[in-house]
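As structure tokens, the structure follows; a few thoughts come after it.
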Amino acid sequence: MTTRQSSITDELRKLLLSGTFPAGQHLEEIPLAQSLGVSRTPVRAALAAMAQEGLLTYRSKRGYVVRAFSLKEIMDAYLIRGTLEGLACRLVAERGLDADSQQVLRACLERSTELLAGGSLTESGFIPWRDTNDRFHQQILKATESSTLIEATERTLAIPFTSSRVVHWIDFDGIRRSHDHHLIIFDALKRRQPARAEMMMVEHIYVASEVVRARFAASGGPAASSA
């Protein structure tokens, strides 16, 4: 994805998460492209990406429709995600972290440390942090070498606001806490401590789910996490 395309996709995601478009609204390419000041091509790709993330539903002859979802759906998905990613950590720790995965995870942590070093995180630094966060989680799943576990987790991540790819609020303390969790998880994986790695990942995702619950309750609508 090009930088320009990524920017349009991020902008559309932000509009959806902020509640700009009510559930059930049909999003048309031309009006949306005009409002964003771009051509239809990046908008078409952005709509497809949002459908893949679960924020939109594609309906034959109607195109893309803003999806309605409940807090219960999101909390259930977080519970399942925590269980699955916790299991992934257990499996990787039991087997031993391979050299390639260890290199990728260490690079993620080093990049996150660099991004957070200033004591704050600007919007320009937020996007690379979000991408690094997602890469960390995805690499652990990949290291399990279990297609069944990976596919089950991917289905869970399709629920809005559940994915490690979808992080849309800039709270430095929360992001710093998330980074600290990652450090502990990586240490447990290296030391081949299955129970510790599993419990830390479950806690990591649980904390994120509680932030979503609190923000959802406060606003009566969308929220997002940093797991």
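No lab work stands behind these numbers, since they all come straight from the coordinates. This structure is a prediction, so every number in the text was calculated from the model and none was measured. When we count neighbours, we look across all protein chains shown, and the Cβ atoms used for this are built from the backbone with ideal geometry, even at glycine.
Observations
- Each other residue within a Cβ distance under 15 Å of Val65 adds +1 if Lys or Arg and -1 if Asp or Glu, for a net charge of +1.
- Under a model in which nothing but the beta-carbon of Lys, Arg (+1) and Asp, Glu (-1) is charged, the chain shows a dipole of about 400 debye around its Cα centre.
- Sequence-separation-based contact order of the chain, relative, with Cα cut under 8 Å and 6+ spacing, percent: 25 percent
- Here the Karplus relation 6.51 cos²θ - 1.76 cosθ + 1.60, evaluated at θ = phi - 60°, turns the backbone of region 70-76 into coupling constants of 10, 4, 4, 4, 5, 5, 4 Hz, with x for every Gly and Pro.
- Ordering Ser209, Tyr58, Ser70 by Cα displacement along the dipole of the chain toward the positive end leaves Tyr58 in first place; charges were set at the Cβ atoms of Lys, Arg (+1) and Asp, Glu (-1).
- Cα-based shape type of region 68-129, given that a ≥ b ≥ c are square roots of the gyration tensor eigenvalues and the cut on a/c is 1.5: oblate
- Cα-based shape type of region 3-66, given that a ≥ b ≥ c are square roots of the gyration tensor eigenvalues and the cut on a/c is 1.5: rounded
- Backbone amide hydrogens, once placed in the peptide plane, bring Leu56 within less than 5 Å of Ala51, Arg67, excluding anything fewer than 5 places away on its chain.
- The chain - mean residue ellipticity at 222 nm from DSSP helices (-39,500 (n - 2.57) per run, n ≥ 4, rounded to 500): -23500 deg cm²/dmol
- Reachable lysines from Lys61, criterion Cα separation under 29 angstrom, eight or more residues apart if same chain: Lys14
- Using the Cα coordinates of the chain, the gyration tensor eigenvalues translate into equivalent-ellipsoid semi-axes of 31, 19, 17 Å, sorted from longest to shortest.
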